[in-house]
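Right, one structure below, let's go through it.
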Ligand SMILES: [Zn+2]
């Protein structure tokens, strides 16, 4: 097992650590997916270039295999983030049991079927059972699960399940809207088509009123809009 390259280690630390917090030192091998600088990704990208009829040795492409390798390790840095550590110190006991909604969280992910981007925005809501999580952690949780090979449905469920498991709220709702380049670029869907997925747990699942309140929050635009 190789240590994480510095640029990936930096991204992992940025997601796990708040500004002003000391970064944890041990990061590499958190989930054991990383393969390091052995040149195999570069060799594979050269093969792809040859197969599509390109010359991997022409001047414009000589640096491409290395850049592609670097890019994929960055875009999948979420495998190395420990989301539980991300929450450390950011769960607070409060006497508050109204719905908390964080919306318009931008994210970028890669579809696992084509390794092409899908991207859009996430809305996350929960009803506390005496515990809330620091507001800035929610986008980081989204990013942790987005920076992996994903399908949108699973991304949605993983965010909801993680909050349910670690915050033990009365319920969680997650809605994700995204555009998939694999669909848009290949003309399967019309350009601009957005796919919406949702995951609802606890009261968000069992109580119509809660779900309706969540959806009403999503329809409300900010005052400036
Ligand atoms: Zn795809």
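Where a number appears in this text, it was derived from the coordinates with a stated rule and is not lab data. What you see is a predicted model, and the numbers here were worked out from it, not measured in a lab. Note that each Cβ is placed from the backbone with ideal geometry, even for glycine, and that neighbours are counted across all protein chains shown.
Got the relative contact order for region 113-225 handy, in percent, Cα pairs under 8 Å and 6 or more residues apart?
30 percent
Which of 114, 69, 80 comes first, and how do the rest follow, when ranked by fewest Cβ neighbours within 10 Å?
Sorted ascending by nearby Cβ count, the order is 114, 69, 80.
According to the Kirkwood expression over distinct Cα-Cα pairs, how big is the hydrodynamic radius of the chain, in Å?
Across the chain, the inverse of the average 1/r is 19.3 Å.
By counting other Cβ atoms within 10 Å of each Cβ, how are 110, 167 ranked from fewest to most?
So the ranking, lowest neighbour count to highest, is 167, 110.
Students often check this: by mean Cβ neighbours within 10 Å, which of 169-178, 147-156 ranks highest, and how do the rest follow?
169-178, 147-156
Fewest Cβ neighbours within 10 Å first, please rank 62, 179 accordingly.
62, 179
In degrees between 0 and 90, to the nearest 10, how far off the longest principal axis of the chain does helix 208-219 point, with axes built from Cα atoms?
It works out to around 60 degrees.
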